[in-house]
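To start, the structure under review is shown below, and the notes come after it.
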Amino acid sequence: MKKAFQHSISIAMAFMVLFSTFSFTVDKHFCGSFLVDTAIFSEAKTCGMEMETSTEDSCCSNEKIAVEGQDELKHQFDALDLNQQAFLTGFAYSYIFIFEDFSKEIIPFKNYSPPLLVKDIQLEDQVFLI
């Protein structure tokens, strides 16, 4: 269970890093005030009403929205000050041990039977615990 949880968290973090570096553009084509087409990664289809000669008198317009991904992913542990390093180290250490299962009591000699007593040594030596 713990391993499956760790694997799912690591896969989720890998996808998060992948999508944070991912750049894309959204292209929209408007005819007047109506949205005709929207396209991601390509150009939007036109309605065929735009004029080729004069672009100022055209009722159609295109809008491009560019979403930039993160370029720098390199973070160094040495760039942090001492208080931040101590906090991150303590947080990581406590996070690792938060998922330990202490509900089961481990009995190391559960499957072994005690040795057979030939005689009772306490009665023979007259030694009693008070």
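The values are calculated or read from the model by the stated rules, or taken from the named source; none is laboratory data. If you're wondering where the values come from, they're calculated on a predicted model, not measured in any experiment. Here the Cβ is made from the backbone with ideal geometry for all residues, glycine too, and neighbour counts use every protein chain on show.
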For this session: Run down Leu88, Leu73, Leu82 and say which single residue is at pLDDT 85 or above and within 22 Å of the chain's Cα centre (by Cα).
Result: Leu88
Exercise. If the Cβ limit is 9 Å and pairs must be 6+ apart or interchain, which residue in the stretch 79-96 that is of a type in the set (A, V, I, L, M) pairs with which residue that is assigned to a helix (DSSP H, G or I) and surrounded by fewer than 10 Cβ atoms within 10 Å (Cβ to Cβ)?
Worked result: Leu88/Phe77
Exercise. Considering the stretch 7-40 alone, what residues qualify as being hydroxyl-bearing (Ser, Thr, Tyr) and more than 21 Å from Ser61 (Cβ to Cβ)?
Worked result: Ser8, Ser10, Ser20, Thr21, Ser23
Exercise. From the residues in the stretch 120-130 that are modelled with pLDDT of 85 or more and assigned to a loop (DSSP other than H, G, I, E, B), which one is surrounded by the most Cβ atoms within 10 Å (Cβ to Cβ)?
Worked result: Val127
For this session: For Thr46, state whether it is in contact with a His (Cβ under 8 Å, 6 or more places away or on another chain), modelled with pLDDT under 85 and not aromatic (Phe, Trp, Tyr).
Result: yes
Problem set entry | Members of the stretch 77-116 that are part of a loop (DSSP other than H, G, I, E, B) and farther than 19 Å from Lys2 by Cα | Leu80, Asp81, Ile107, Pro108, Phe109, Lys110, Asn111, Tyr112, Ser113, Pro114, Pro115, Leu116
Seminar exercise, completed: Flagged pairs (Cβ under 9 angstrom, 6 or more apart or on separate chains; first in the stretch 11-29, within 30 Å of Cys47 (Cα to Cα); second of a type in the set (Ser, Thr, Tyr) and surrounded by 11 or more Cβ atoms within 10 Å (Cβ to Cβ)) are Val26/Thr38; Asp27/Thr38; Lys28/Thr38; Lys28/Ser61; His29/Thr38; His29/Thr46; His29/Ser61
Exercise. Identify, please: which residue in the stretch 94-114 is aromatic (Phe, Trp, Tyr) and either surrounded by 10 or more Cβ atoms within 10 Å (Cβ to Cβ) or closer than 17 Å to Ile9 by Cβ (or both) and is, among those, nearest to the chain's Cα centre (by Cα)?
Worked result: Tyr95
For this session: Give the residue that is surrounded by the most Cβ atoms within 10 Å (Cβ to Cβ), with candidates limited to residues of the stretch 34-43 that are modelled with pLDDT of 80 or more and in a loop (DSSP other than H, G, I, E, B).
Result: Glu43
